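Novice: Pasting in a structure now, in structure tokens, and then I'll have a few things to ask.
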Amino acid sequence: MNDAADPIDLVHLERQTMGDAALRAEVLAMFVAQAGALCGEIAAEADRCARADLLHRLNGSARAIGAWQVAELAGRLERADPTPQDAGALRQAVDAATRRIASLGVAS
């Protein structure tokens, strides 16, 4: 059973990776690398369309592993101009997911 406050929905992740531990580790490591890079690009991107594309990519990546808070924030920000507070909340959600992934023994 997965705690609703857990930054990663482990039940969803297990379904996505068909219980394959090596695949789970691979997709989690890919998320950590991609999410970190995307957050930096999102923060630096002034063009609204380009930023929306980056947020869309982050949303999809987060949904793939069950990082629902990241996905919800990225999806909401994809449709609006993010404020500095929004960007901070997104970064915090990504950091929480990254810490949770690290606690699972996945190296980034």
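The values are calculated or read from the model by the stated rules, or taken from the named source; none is laboratory data. Since the structure is predicted, the reported quantities are computational estimates derived from the model, not experimental observations. Here the Cβ positions follow ideal geometry from the backbone for every residue, glycine too, while neighbour counts run over all protein chains shown. To get the accessible areas, we keep the full protein, side chains included, count just its heavy atoms, and leave off ligands, DNA and RNA. Shrake-Rupley method; radii C 1.70, N 1.55, O 1.52, S 1.80 Å.
Novice: Once the Cα atoms of helix 68-78 and of the chain are each reduced to a long axis, what angle between those two axes, in degrees from 0 to 90 to the nearest 10, is obtained?
Specialist: 20 degrees
Novice: Output wanted: per-residue J couplings in Hz (rounded whole) for the stretch 26-39, from phi through Karplus 6.51 cos²θ - 1.76 cosθ + 1.60, θ = phi - 60°, x for Gly and Pro.
Specialist: Working through the residues one at a time gives 5, 5, 5, 5, 5, 4, 4, 5, 5, 4, x, 5, 5, 4 Hz.
Novice: Still on this structure: Heavy atoms only, probe 1.4 Å: what % of the accessible area of the chain goes to carbon and sulfur, would you let me know? Intermediate results must be reported in sequence, preceding the final value.
Specialist: On the way: 3350 of 6010 Å².
Whole-percent figure for carbon plus sulfur exposure: 56.
Novice: Hey, another quick one. Who wins for biggest fluctuation among Thr17, Thr83, Thr98 in a Gaussian network model of the chain, springs between alpha carbons below 10 Å?
Specialist: Comparing Thr17, Thr83, Thr98 in a Gaussian network model of the chain, the most mobile one is Thr83.
Novice: Related question: Can you tell me the convex hull volume per residue for the chain, based on C-alpha atoms, in Å³ to the nearest whole number?
Specialist: Details: hull volume 9.2 nm³, N = 108.
It comes to 85 Å³ per residue, whole-number rounded.
Novice: Nearest 500 deg cm²/dmol is fine: what mean residue ellipticity at 222 nm does the chain get from its DSSP H runs of n ≥ 4 alone, each adding -39,500 (n - 2.57), divided by its residue count?
Specialist: Values: 5 runs with 80 residues, N = 108.
The helix contribution divided over the chain gives -24500 deg cm²/dmol.
Novice: How much area per residue is accessible in the chain when the probe is 1.4 Å and only protein heavy atoms are counted (Å²)? Let's see the in-between values first.
Specialist: Values: 6010 Å² over 108 residues.
I get 56 Å² per residue for the chain.
Novice: Still on this structure, I have one more. Extension gain Ala107-Gln85, at 0.36 nm per residue separation less the Cα-Cα distance, in nm? The partial results should precede the final answer.
Specialist: Working: separation 22, 0.36 × 22 = 7.92 nm, distance 2.89 nm.
Gain in length upon complete extension: 5.0 nm.
Novice: If you take every residue apart from Ala43 with its C-beta less than 10 Å away from the C-beta of Ala43, what net charge results, scoring Lys and Arg +1 and Asp and Glu -1? Intermediate values should be presented prior to the final figure.
Specialist: Details: positive: Arg51, Arg91; negative: Glu41, Glu45.
Once all neighbours under 10 Å are counted, the net charge is 0.
Novice: Next up: So, in Å, what gap is there between the alpha-carbon centers of the stretch 9-58 and the stretch 60-80?
Specialist: The two parts, judged by their Cα centres, are 9 Å apart.
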